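J.: I'd like to ask you about the structure that follows.
No lab work stands behind these numbers, since they all come straight from the coordinates. The model shown is predicted, which means the values in this text are computed figures rather than measured ones. Reconstructed Cβ throughout: ideal geometry from the backbone, glycine too, with neighbour counts over all protein chains shown.
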């Protein structure tokens, strides 16, 4: 290891239109390097300088510090229209400089972000919204055509894919549906009990939990869970196929991706979501019973008798219908983002994230709309 360095210095000589730069001493990182500003000032002021050469006879040890300064000198010379001759430099330095300038710098590498005007932001947002709406309508139209082909018996997809998707969407999702729905029933019971207990009406906790789970929370929470679990999975699966050009290969072989990939996933969710909704309702009611029976003077028999009297077939049908619509929205959102995925690994992650956000937004909008319709119709 070198501990005693020869101080580095620069000597500048001008002969007619040539500027000679003599480098001396050890140009290493822990050395005190001379300023390059006098050299730059001379290059700027002298209009007769057309060429810059180097002299390295007195040059000692060097490392990346010398390379950095040389690159600054060369770039400054190029900006001033001065020819920089590097042939007198050591071979090692010449090789490194060749590597530095082998690939040109991107034009936007040093671009600075400027604050955009509000009108520009509004315009870009509007254009993006129109583009998204157009893509969604196109995708929905292609999905409707695929469903029409299925009803005519002309849709081409593998039956095994449908059963695999049913397995992934149904039995594989039961554990998380069980946990979340059970806890939602507990929470509903606790929230209602705080107020009902003030009037000695603890028995009505059963009504509140039963109706809340069957009409709203059961199907809604099942849909939210499936958005993060299945919607993201659909987007990641189709996005990975986009990256690997598998979807392009299907088109080349004459298969329609909407029928072969999207239709089985949508059918699986349409078939499985009503059953998951009913299962979530049951687990929520059981969760509510534990709170009611365990903390208040209500028996299991009274709780379930009150629940069966409060819940009617129309309440179950409202919840199941909503959940079926949620299943269609989850499948459409997940597959839409997957088909729109780019050709990189990061694009797959963005597609999965976007699918979850899109699913949740559509579910909330659809649930609000259907609830308003049911209230207006008195259902």
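J.: So how do 357-367, 299-309 stack up, highest first, on mean other-Cβ count within 10 Å?
T.: Listed from highest to lowest mean packing, they are 357-367, 299-309.
J.: Show me the ranking of peptides 263-272, 117-126, 152-161 by mean Cβ neighbours inside 10 Å, starting with the highest.
T.: Ranking, from highest mean packing down: 263-272, 152-161, 117-126.
J.: If you don't mind, there's one more thing I want to ask. P(r) for segment 9-100, please, calculated from all Cα pair distances in 5 Å bins and given in %.
T.: 3, 13, 27, 27, 19, 9, 2, 0
J.: Find the eigenvalues of the gyration tensor of the Cα atoms of segment 243-346, then list the square roots of 5 times those eigenvalues as equivalent ellipsoid semi-axes, largest first, in whole angstrom.
T.: Rounded to whole Å, the semi-axes are 45, 15, 9.
J.: May I ask for the distance between the Cα centers of segment 206-258 and segment 352-379, given as a whole number of Å?
T.: What the calculation gives is 15 Å, centre to centre.
J.: Let me ask another. Mind checking the angle between helix 118-151 and the chain's longest principal axis? C-alpha axes, 0 to 90 degrees, to the nearest 10.
T.: Rounded to the nearest ten degrees, it is 50.
J.: Can you give the alpha-carbon Rg of segment 168-302 over 2.2 N^0.38 Å, where N counts its residues?
T.: 1.44
J.: Here is a further query. Find the centroid of the Cα atoms in segment 309-349 and in segment 148-193, then give the distance between the two in whole Å.
T.: Here the two parts' Cα centres lie 10 Å apart.
J.: State whether segment 269-318 is rounded, prolate or oblate according to the following rule on the C-alpha gyration tensor (a ≥ b ≥ c being the square roots of its eigenvalues): a/c under 1.5 gives rounded; otherwise a/b larger than b/c gives prolate, and the remaining case gives oblate.
T.: Taking the square roots of the gyration eigenvalues as a ≥ b ≥ c, segment 269-318 is oblate.
J.: Ratio of Rg to Rh for segment 183-240, alpha carbon only, Kirkwood?
T.: Over the Cα atoms of segment 183-240, Rg/Rh equals 1.27.
J.: From the helices alone, meaning DSSP H stretches of at least four residues, give me the mean residue ellipticity at 222 nm for the chain, per-run term -39500 (n - 2.57), in deg cm²/dmol to the nearest 500.
T.: Rounded to the nearest 500, it is -21500 deg cm²/dmol.
J.: Hey, what angle do you get for helix 64-79 against the long axis of the chain, alpha-carbon based, 0 to 90 degrees rounded to 10?
T.: 80
J.: Can you tell me the relative contact order of the chain? Whole percent, Cα pairs under 8 Å, sequence separation 6 or more.
T.: 17
J.: Relative to the longest principal Cα axis of the chain, at what angle does helix 263-295 sit, 0 to 90 degrees, rounded to 10?
T.: Between the helix axis and the principal axis of the chain, the angle is about 70 degrees.
J.: Please work out which option in (1) 1.30; (2) 1.01; (3) 1.26 gives Rg/Rh (Cα atoms, Kirkwood Rh) calculated from these coordinates, and answer with its label.
T.: (1)
J.: Would you order 187, 82 from fewest to most other beta-carbon atoms within 10 Å of each residue's own beta-carbon?
T.: 187, 82
J.: Please sort 335-346, 279-290 by packing, taking for each peptide the average over its residues of neighbouring beta carbons within 10 angstrom, highest first.
T.: Result, highest mean first: 279-290, 335-346.
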